[in-house]
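See structure below.
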Amino acid sequence: MLEYSMLYPKSTVTRRVFSMDGMWKFHIDRQGDGEKEGYPNKIPGFDYIPVPASFQDFYTQKEIREFAGDVWYEKEIFVPKEWKGKNLFLRFGAATHRAAVYVNGKKIMEHEGGFLPFLADVTEAVLYNAVNKVVVKVNNELTVTNIPCGETITLPDGTKMNKPYFDFFNYSGLQRSVSFLAVPKEYIFDFDLDYELAGEDAKIHYDIQTTGEHHVRLLLLDEEGKQAAQAEGKSGIMEVKNARLWQVRQAYLYRLIIRIYDGETILDEYVQEIGIRTIKVEGTSILLNGKPIYLRGFGKHEDSDIVGRGFNIGVMKRDFELMKWIGANSFRTAHYPYSEEIYQMADREGFLVIDEVAAVGLFESLMNFMEANTGKKTAFFEKETTPLLLKAHKRAIEELITRDKNHPCVIAWSLLNEPDTSSEAAVPYFKEVFELAHRLDKQKRPKTFALIMNSVPGVCKCYQFSDIIALNRYYGWYVKGGYEISEAEVLFRKEMDAWKALDLKKPFLFTEYGADTLGMEHKLPSVMWSQEYQDEYLKMTNEVFDSYDFIKGEQIWNFADFQTTEGILRVNGNKKGVFTRQRQPKDAAYLLRERWKKLPLDFKG
Ligand code: GCB
C-alpha cells in the first residue's frame, strides 16, 4: 500500500482544496549545487513561469530547451488558522522525472517517476495564519534505473544532455496541477470497486480504506440526483436495481458518496463519479458488459505548442471533439499515465482507455523503433541495474493502478511499450510486473504490453503474459515503404499468419501503425511523406486488419504530430499524426472517418 492517498483532490463538506497553479518563481541550477547555495530557503532571481507546463518551449535559448539537471520552483502559500487540526498535504499531479519538496526550508519528501501524483505531508512543517514558502527541486535526467529509460551524457564542454531511448521530447518540470489540501484527521484513504451484472440489476462490490475505525456509509445517486443505492460498512456489496450501464460513447455516471460518521457527525466525505460496467477478455473477444467490442482510435501523447507536455485543458477538449468527429472510441495513453482530468473526460464521453505506465525505452537503443528490425541484440534485462529498474517500474504500476482503478474508461493496463523480449532474461521481469498488476486490480482488468517489430512468434519470449496481444507494426513505413508497399503487405500477412498458426485464443490489437506525413505535402503519384502515401498505407493496412478475425482493434500512431528529440528521421518532431500538432486534419483523417463511422461496435463479434 502506498504511504499517501492518491484520491483526486476535491472539496467536500469536510475537505478543502486550494489550487497552486499559476506563476511560480523559476531557476535553472546550471551548477547543480542548489542545496549548498541555500535554494531550499529561497531560490535566486526573479524569473516566473506557469504551472502546469513543461519549461522547455517558453525560452529562446537552446541551452534551456535541452537542459538536463535540476530546475527549482518556488511559491508562497498562506495557511489559514482554521486549518489547524487538519492533515495538510501538498499534492503534485506530477513532477518530471523526480522531485524534492521543501517547506519553509525544511525537506519534506522526495519522489521519483514523472507522470504520477504524490503527496507531501506538510502538517508539521507549516506556520498557521502566515505565509509559507514552498520550494520544489525537479530533476529531468534520464537513467536506466527509472522509467522512461534513457541516459544522460556529458558533452566535451561539460554540458549535460539527455539521450532518451524513446521517441518523444523529454519535456519536464511541473507539468500538472499542484494543489494544497486540508483533509480531516480521520479520512477516506482509498477505495476499490468491482461490478457484477445480474439481469437488469447490478452489484457493486466495494472496499473502503480509512485511517480510523469509525463507521462508513455509502450513498449512490443517479444522474438526476436520486438515491439509487446505499450501503454500510467498509466493505460489502451495494445492490443497484435497474442499473444504467456505462457504455461505449454512451456513458452513464452515478455519483458515489462515501462518508465516515461519528454518530450523526460526518468526519469525512469523498465524492466520485463512477460507471457501472464489466470488462473481460474471453477467447478472441473483448467484452464490455458481456458484449464484444472493436476498438478504433489512437495512440496519443500529451503534447502541444508552447506548453509541451503540460496539461492543457483547451487541447484536451479539442482532442475529444476530434476523436468524436472521426468516429474513434478509444485511445492508449502512450507512453505514460496522462493527466487525471483526461480520464475524467473519457469517463464522461464514454471513451475506452488503455492505461499505459511509463515503461518505455526498455530496449537499449536511441532509435529502437528502427533498430528492432535489424536483429540487433540488446539484452536489456540482463543489466546489473535491472533490479533497480524493476523496483521503480513496480512502484509506478502501484501508483498508476491506485490512481486510475476506479475510472470506468480504463479497460486495460499496458505495462510496457516495446521492451526487448528477445532474451529469456525478460521472462522473470515480466512475471513480476504482470503478477503485481493482477494482484492490485480488484477488477482484474486485461493486461497487455505493446510488442515491438521484432517481437514475433519464435523470437518474443513474453507475449504469453498478455491478455490482449498488442502489436506496434510499421510494414509499409520502416519496413518496405513506398513502391515496395506490395512486399510490405506480403510480409505483414506472413507475420499475421504465423500468429494465427499459434492459435493463442486471445484478441489482437494494433496499438501502433502509421506513416510520417507532412501536413502540407501533396504528391501525385505519391511518395513517402506525402498525404497521398499516408492514405495508400492506410488502405493496405486496413485490408490486412480486415482479413483476420482475431484482430479486435486498431489504434493508429499517432493522433497528432508531436515533438521528439531532433535527428535525421524527424522533421521538427514525429509526423505520423492523423492531425497536425495544431489539431487540424490531414487527408488521412477523412479516410479513417469514412471507415470508422461505418464499423459496428461489435465488428467481427
Ligand atoms: C514506436 C514507438 C513510438 C514511436 C513510433 C514511431 O514503435 O512505440 O514511441 O513514436 O514507433 O513513430 O517510430
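The values are calculated or read from the model by the stated rules, or taken from the named source; none is laboratory data. On a predicted model such as this, the values are computed, not experimentally measured, just so you know. Glycine also receives a Cβ, built like all others from the backbone with ideal geometry; neighbour counts cover every protein chain displayed.
Here are the numbers for the structure shown:
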item: Residue 296 vs. criteria closer than 30 Å to residue 597 by Cβ and assigned to a loop (DSSP other than H, G, I, E, B); result: no
item: Selection from segment 223-247 of residues that are touching a residue at least 40 places away in the same chain (Cβ under 8 Å) and under 29 Å from the mean Cα position of the chain (by Cα); result: 245, 246, 247
item: Strands (runs of 3 or more DSSP E) lying entirely in segment 113-222 (those with 3 or more residues that are more than 16 Å from the ligand (Cβ to nearest atom) and either within 25 Å of residue 13 (Cα to Cα) or free of Cβ contacts under 8 Å to residues at least 60 places away in the same chain (or both)); result: 118-121, 130-139, 150-154, 178-183, 188-198, 201-210, 215-221
item: Residue tally, condition over 18 Å from residue 540 (Cβ atoms), among the β-branched types (Val, Ile, Thr) and within 16 Å of the ligand (Cβ to nearest atom), over segment 468-517; result: 2
item: Residue 539 being in a loop (DSSP other than H, G, I, E, B), among the basic types (Lys, Arg) and away from the ligand (no atom under 12 Å from the Cβ); result: no
item: Residue 388 hydrophobic (A, V, I, L, M, F, W, C), part of a helix (DSSP H, G or I) and surrounded by fewer than 17 Cβ atoms within 10 Å (Cβ to Cβ); result: yes
item: Strands (runs of 3 or more DSSP E) contained entirely in segment 28-102, each with at least 2 residues that are in contact with a Lys or Arg (Cβ under 6 Å, 6 or more places away or on another chain) and touching a residue at least 24 places away in the same chain (Cβ under 8 Å); result: 70-79
item: Selection count where residues are buried (at least 16 other Cβ atoms within 10 Å of the Cβ) and touching a strand residue (DSSP E or B) at 6+ places or on another chain (Cβ under 9 Å), scope segment 252-265; result: 7
item: Search result, residues across segment 457-467 that are part of a loop (DSSP other than H, G, I, E, B) and more than 15 Å from the ligand (Cβ to nearest atom); result: 457, 458, 459, 461, 462, 466, 467
item: Answer residue from segment 504-527, given it is over 30 Å from residue 354 (Cα atoms) and either in contact with a strand residue (DSSP E or B) (Cβ under 8 Å, 6 or more places away or on another chain) or of a type outside the set (Gly, Ala, Ser) (or both) and is modelled with the lowest pLDDT among those; result: 520
item: Test result for residue 502, under 28 Å from the mean Cα position of the chain (by Cα) and without any contact (Cβ under 8 Å) to a residue 60 or more places away in the chain; result: no
item: Subset of segment 32-50 [β-branched (Val, Ile, Thr) and farther than 18 Å from residue 132 by Cα]; result: 49
item: Tally, over segment 442-456, of residues that are touching a helix residue (DSSP H, G or I) at 6+ places or on another chain (Cβ under 9 Å) and away from the ligand (no atom under 15 Å from the Cβ); result: 3
item: Single residue of segment 146-199 satisfying the filter (within 30 Å of residue 257 (Cα to Cα) and aromatic (Phe, Trp, Tyr)) that is surrounded by the fewest Cβ atoms within 10 Å (Cβ to Cβ); result: 189
item: Subset tally (residues that are crowded, with 16+ Cβ neighbours inside 10 Å and either within 16 Å of the ligand (Cβ to nearest atom) or among the charged types (D, E, K, R) (or both)) for segment 395-441; result: 16
item: Enumeration of residues in segment 504-536 that are in a strand (DSSP E or B) and surrounded by fewer than 20 Cβ atoms within 10 Å (Cβ to Cβ); result: 529
item: Scan of segment 547-566 for residues that are outside any loop (DSSP other than H, G, I, E, B), closer than 17 Å to residue 474 by Cβ and within 14 Å of the ligand (Cβ to nearest atom), ordered by number; result: 555, 556, 557, 562
item: Residues of segment 5-36 satisfying the condition of being among the hydroxyl-bearing types (Ser, Thr, Tyr) and surrounded by fewer than 14 Cβ atoms within 10 Å (Cβ to Cβ); result: 11, 19
item: Members of segment 52-76 found to be closer than 20 Å to residue 179 by Cβ and surrounded by fewer than 18 Cβ atoms within 10 Å (Cβ to Cβ), listed by number; result: 76
item: Qualifying residue in segment 348-358 (condition: closer than 20 Å to residue 430 by Cα and at pLDDT below 95); result: no
item: Checking residue 361 against (1) more than 14 Å from the ligand (Cβ to nearest atom); (2) at pLDDT below 95; (3) within 16 Å of the chain's Cα centre (by Cα), the condition it does not meet; result: (1)
item: Residue satisfying condition, being more than 14 Å from the ligand (Cβ to nearest atom), β-branched (Val, Ile, Thr) and closer than 19 Å to residue 296 by Cα, within set 578, 544, 527; result: 544
item: Residues being surrounded by fewer than 18 Cβ atoms within 10 Å (Cβ to Cβ) and among the hydrophobic types (A, V, I, L, M, F, W, C) - total across segment 110-141; result: 3
